[in-house]
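The structure appears below as structure tokens.
The values are calculated or read from the model by the stated rules, or taken from the named source; none is laboratory data. This is a predicted model, so every value here is computed, not measured. Methodologically, a virtual Cβ is constructed for each residue, glycine included, from the backbone with ideal geometry; neighbour enumeration extends over all protein chains shown.
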Amino acid sequence: MKKILTIVGARPQIIKAAALSRAIKNNYSHLIEEIIIHTGQHYDENMSNVFFEELKISRPDYNLQIGSGSHAFQTAKMIMGIEEILLKEKPDFVVIYGDTNSTLAGAIACSKIRIPIVHIEAGLRSYNKNMPEEINRIMTDHVSAFLFSPTLTGIKNLEKEGFNLNAFPPFTSDNPGVFNVGDVMYDNSKYFAEISAENSNFLDLNSIVKNEYILCTIHRSNNTDDAGRLAEIFEFLLEVSASTTIILPLHPRTLKQAEKLLKAALWKAINRQLMILPPVSYLAMIELEKNASMIITDSGGVQKEAYFFTKPCIIIRSETEWVEIVENGAGILCNAQKQDLLKGYIHYRENPEIKFSNIYGDGNAASKILDMLLAQI
């Protein structure tokens, strides 16, 4: 029996971890024991704990309860807590996801005591080092033993940085294995879309009409913490809401900053004209994404889910790590300026036909990852 220790901290990581945990439970439970650490980076009940129940993931074996704080504070506290658990559990591998402070903390803690790191979503690059996530991605990739990329672009990015795509095992941080296995989020979207269709009635309960609304999410700090950018985004949404329903599940940070930074008249109009919801469950989010006419977001995960469900996506960012979406014409990068965002909206309203090619694998990424890990033991 081999031991895999999984580190999660943010809501998207819990979702991604569900794919691997489900595969272990269903097909590898006689070979693999999984231990889960939740750093507590997301500590809101609706943003974290409820997801373990809904996605049928075992409750974390450890919860560091780090909470909010500066990047340095969060990361340092996580490193200390993770290291203590690693020394106790002595796992064969540590699995980390994506690009959060929890990812970086796990990478640093493991690299110092020579535990092999498995980085899922390796190779993503926005080529903007002003984004904390970009720093986290790069540093994590360069100490990992296994780099599992969701796309061919990720593989090419790693090759540019000097990674040997033809390395032979045994794989270590000095001789890492690089693999394109597809996207674990696509695994989950396929699996939970069926469950959502059978069990979720979120639209009916909220009197939402299929295909007659636009779904929007906003959470990135460069959008929420800048009064000018935040006002431009909401002014755009207000103008679009004159002709279609805008549904906005509101991230706690966005709510806090909107109340703090926006003019009272604008915030009043937003509450009157937009359908504002508290953070929704994963199954409800899947239902909202599947039945939207368009998606507007600054989230990397929601960009991909828009693509999985063949929805045009306005990306409120100047760059994206998911460049394939833009290259396929399924996403448009729009900076947080009203006129720029309106151009993107008008483009998709007038050009609704988009070709969604298969760029994220076959929906079996988790099993491929586990097979490769077991083959190296």
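Summed over region 268-286, the residues that are touching a strand residue (DSSP E or B) at 6+ places or on another chain (Cβ under 9 Å), buried (at least 19 other Cβ atoms within 10 Å of the Cβ) and outside any loop (DSSP other than H, G, I, E, B) give a count of 3.
Going by the conditions given, is Ile138 farther than 14 Å from Met78 by Cβ, assigned by TED's automatic domain parsing to the domain that holds Ile36 and touching a strand residue (DSSP E or B) at 6+ places or on another chain (Cβ under 6 Å)? Here the answer is no, as Ile138 does not meet what is asked.
Considering region 169-194, and only residues there that are of a type in the set (A, V, I, L, M, F, W, C) and touching a residue at least 60 places away in the same chain (Cβ under 8 Å), the residue that is nearest to Thr310 (Cα to Cα) turns out to be Ala193.
Among the numbered criteria (1) modelled with pLDDT of 95 or more; (2) under 21 Å from the mean Cα position of the chain (by Cα); (3) farther than 25 Å from Tyr191 by Cβ; (4) among the charged types (D, E, K, R), which one does Lys304 miss? For Lys304, the failing item is (3). For region 349-361, the criterion of a residue being over 19 Å from the mean Cα position of the chain (by Cα), crowded, with 18+ Cβ neighbours inside 10 Å and among the aromatic types (Phe, Trp, Tyr) is satisfied by no position. Under 17 Å from Asp183 (Cα atoms), among the small types (Gly, Ala, Ser) and outside the structural domain of Glu235 (by TED's automatic domain parsing): is that true of Ala366 in this structure? In short, yes. Pairs meeting the criteria (first residue in region 343-355 and touching a residue at least 12 places away in the same chain (Cβ under 8 Å), second residue in a helix (DSSP H, G or I) and surrounded by 13 or more Cβ atoms within 10 Å (Cβ to Cβ), beta carbons under 8 Å, at least 6 apart or on different chains) are Tyr345/Phe236; Tyr345/Val240.
Of the numbered criteria (1) without any contact (Cβ under 8 Å) to a residue 24 or more places away in the chain; (2) among the acidic types (Asp, Glu); (3) more than 22 Å from Ser243 (Cα to Cα); (4) in a loop (DSSP other than H, G, I, E, B), the one Asp371 fails is (4). With respect to Arg114, determine if the residue is among the basic types (Lys, Arg) and either at pLDDT below 95 or closer than 28 Å to His251 by Cβ (or both). Against the criterion (among the basic types (Lys, Arg) and either at pLDDT below 95 or closer than 28 Å to His251 by Cβ (or both)), Arg114 does not qualify. Set side by side, the residues Glu289, Glu232, Glu239, Glu259 differ, and just one is closer than 27 Å to Leu124 by Cα, of a type in the set (D, E, K, R) and either touching a strand residue (DSSP E or B) at 6+ places or on another chain (Cβ under 8 Å) or at pLDDT 95 or above (or both), which is Glu289.
Restrict the check to region 202-222 and report whether at least one residue is assigned to a helix (DSSP H, G or I), within 19 Å of the chain's Cα centre (by Cα) and at negative phi. Within region 202-222, one or more residues are assigned to a helix (DSSP H, G or I), within 19 Å of the chain's Cα centre (by Cα) and at negative phi. Applying the condition of being assigned to a helix (DSSP H, G or I) and under 14 Å from the mean Cα position of the chain (by Cα) to region 287-301 and asking which residue is surrounded by the fewest Cβ atoms within 10 Å (Cβ to Cβ) yields Gly301.
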